[in-house]
1. Inside the range 118-149, can you point out the residues that are under 30 Å from Ile504 (Cβ atoms) and in a loop (DSSP other than H, G, I, E, B)?
2. Please verify whether Val254 is among the β-branched types (Val, Ile, Thr), over 20 Å from Asn193 (Cβ atoms) and in contact (Cβ under 8 Å) with a residue 60 or more places away in the chain, treating the condition exactly as stated.
3. Which of the residues that make up the range 158-181 are without any contact (Cβ under 8 Å) to a residue 60 or more places away in the chain and surrounded by 11 or more Cβ atoms within 10 Å (Cβ to Cβ)?
4. For Ser321, are the conditions met, namely being in contact with a strand residue (DSSP E or B) (Cβ under 7 Å, 6 or more places away or on another chain), touching a residue at least 60 places away in the same chain (Cβ under 8 Å) and either polar (S, T, N, Q) or closer than 21 Å to Ala213 by Cβ (or both)?
5. Only one residue in Asp113, Asp86, Asp124 is at positive phi, surrounded by 11 or more Cβ atoms within 10 Å (Cβ to Cβ) and outside the structural domain of Gln407 (by TED's automatic domain parsing). Which one?
6. Of the residues that make up the range 328-345, is at least one part of a loop (DSSP other than H, G, I, E, B), modelled with pLDDT under 95 and touching a Gly at 6+ places or on another chain (Cβ under 7 Å)?
7. (1) among the acidic types (Asp, Glu); (2) modelled with pLDDT under 90; (3) more than 29 Å from Asn286 (Cα to Cα): which one isn't true of Asp492, the others all being true?
8. Do any helices (runs of 4 or more DSSP H) entirely within the range 427-532 hold 2 or more residues that are in contact (Cβ under 8 Å) with a residue 40 or more places away in the chain and in contact with a helix residue (DSSP H, G or I) (Cβ under 7 Å, 6 or more places away or on another chain), and if so, which?
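The values are calculated or read from the model by the stated rules, or taken from the named source; none is laboratory data. What you are looking at is a predicted structure, and each value in this text was computed from that prediction instead of being measured. Glycine also receives a Cβ, built like all others from the backbone with ideal geometry; neighbour counts cover every protein chain displayed.
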Amino acid sequence: MKKLLKALRWYHLLLVFTALTFSFKVADNYFELSKNLELYASVFREINTYYVDEIDAGKLNKKAIDEMLKTLDPYTNFISEAEAEDFRYQMTGQYGGVGAQISQKENYVVITDPYEGFPAQKSDLRAGDLIIKIEGKDIKGKNTSDVSKLLKGQPGTPVNLVINRNGQEIPKSIMREEIKIKNVPFAGLIDANTGYIKLGGFTQEAGKEVREALIDLKKQGMKQVILDLRGNPGGLLNEAVNVVNVFVPAGQEVVSTKGKISEWNKTYTTPGGAADATIPVIVLVNRGSASASEIVSGTLQDLDRGVVIGQRSFGKGLVQSTRPLNYNTQIKITTAKYYTPSGRCIQALDYSHRNEDGSVGALPDSLRKTFKTKNGRLVFDGGGIDPDIKVSPKPYSPIALTLINKQVIFDFATQYRNKHETIGESRKFSLNNEEFEAFKKFVAEKDIDYSTNTEKELEDLKKRAEEEKYFEAIKPAYETMKQSLKRDKHADIEKNKEEIISLIEEEIVKRYYFQKGRTETSFNHDEDILEAMKLFAEPSQYQKILQGTPAKK
């Protein structure tokens, strides 16, 4: 009995010591916080009072906050009152405006992609139209951010433009509307049995849009589906759960979150019935697939509900929450990490362990932990979602990249649209030989100077030789090689004809059928889609992968 009482006394003392230690730690943290806030205020006050020039207090404070948050991770951000509208668009996909993408073209801003069904398209604004005036004011020299602010505004208010189309100035009065960008910009059939759903974001109602698209495609006879998450940067976590719920029955764990504060420790399960819990699914991902995209692809992979095809995804396993601050500002702060049903967190960067210079690096494959899917397949944490079938993306040729970056293909498509009022069906459109010859003549009139990879390596060799004092000895050979590699623009275009034609066709079709047409045109040459179609043609191979056959490398 004495031993028991003695043990209880020691246990009581240990609890008291632990509580006191925790209290001292909390008090110490608050002291450090208070001390540093006071120090910051003192520095700010002294600068404001004594600095030689006038300061912009708001701008200086914003810079200080941004630099502080940079030391944490790239996703913890301060949102000023001026940025609130852009942030709302990111979360909801909604804004007041005309509904068009724009880009810089020399000294003006050009329409690149009017959204189908919205004011810009209904007012016959076209890709290639230069915006030269807004509300009577010349906007020469304005950048895309400046012009975007002028085009946006309260729904129901007009905005008056003057555009330049093919050398002709055309006035346009456009009534702004509430623009809601769809999470599913396109859904359709690739063939009689195969459906395709492009999911571009995870704003509100993403799950509903995917569900409705799936149900509609099934009515058209679809028996298997491709869910395209490539380039999807993510969004709302609950919408990721809703998208998974389209393919997975109620009550299934989709994702769990764990943070420093216990309120962020949550498990999310599918809330309702699936739209179809058995239809064969292939998910497409690439390096641009992040966050919510990785929850969907990783969960469907963990549950052996679908095959993932493409390239390793981005690797963002962090959850952000928005907290209100004073003066209509907010902070988007990383509050937790998320984990897929197998228990893995796919965060590629470890922000808790930094290099000496403060940078962070990708987690080596040797340090990635192994987990198992529902059927026992091996999957890994710490580096994005590894596809079950990896497809190496074909890099664009230097000439193709130049034609894209210098907007040569874009300008040719604009010229083509100005000369042709209509074209045939998007899937049947093809550039004929006469039109391709016209494109080559069009290119010949443009300045499209570029360097091939071989030329770049030759220049690197020259620099090294000069540094090591060998260049004079190899100069004759260098000059001979340089002349041999001198570009012939027509030869390069002909050599990469197939690639360039596909790019031209997509751009031209987009002028008539918008994003829907561009997507449909890509079906015939998209490597990931072709790989998916190949797998669907072999149902036994599809099942073998889900049952544990080693993934292709």
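1. Within the range 118-149, Phe118, Ser123, Asp124, Leu125, Arg126, Ala127, Gly128, Asp129, Ile139, Lys140, Lys142, Asn143 qualify.
2. yes
3. Result: Pro158, Asn160, Leu161, Val162, Ile163, Asn164, Glu169, Ile170, Lys172, Met175.
4. Judged against the criteria, Ser321 is not a match.
5. Asp124
6. Taking every residue of the range 328-345 in turn, at least one turns out to be part of a loop (DSSP other than H, G, I, E, B), modelled with pLDDT under 95 and touching a Gly at 6+ places or on another chain (Cβ under 7 Å).
7. Every condition holds for Asp492 apart from (3).
8. Per the criteria, 433-444, 489-495, 497-522.
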